[in-house]
Amino acid sequence: MPASDNAKVLLEVRNLSQSFGTRIIGMNYGMISGFIGGRTDFIMQQIVDVAGSIPTLVIVTILMLILKPGISSILIALMLTGWMEMSLIARAQVLRLKDQEFILAARTLGERQRIHPL
């Protein structure tokens, strides 16, 4: 297989991991952090800050040493390093929506606070 075909496969794997795994992990993490708030939010965001301060290349290299080299281990490494940005975006949106007037109106009318799957 020519080197250009290998590069295409690697780019497709990266796109798949970035679009699927990071969005699911990051969005859920950020939404839970923003929705619960308080001390839990603070601790979860400190985890994101610490994980974000470690360079991606270092994490990928360590995972390559631990896991068996191959496409699946690259996919796992990219998913484990790419979720942080999405969690920050999801958290910011949840915090923005929590302070909207329609939320206050719903709580005033007696709507209880609950987590909706969508």
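Taking the stretch 44-64, which residues are among the β-branched types (V, I, T), surrounded by 11 or more Cβ atoms within 10 Å (Cβ to Cβ) and modelled with pLDDT of 90 or more?
If the condition is that a residue be among the β-branched types (V, I, T), surrounded by 11 or more Cβ atoms within 10 Å (Cβ to Cβ) and modelled with pLDDT of 90 or more, then I47, V48 are the ones that fit.
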Exercise. If you go through the stretch 60-116 one residue at a time, how many are free of Cβ contacts under 8 Å to residues at least 12 places away in the same chain, more than 21 Å from L11 (Cβ to Cβ) and not charged (D, E, K, R)?
Worked result: 15
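The values are calculated or read from the model by the stated rules, or taken from the named source; none is laboratory data. Since this is a predicted model, take the numbers as computed values, not measurements. Using ideal geometry, Cβ is built from the backbone for each residue, glycine included, and neighbour counts are taken over all protein chains shown.
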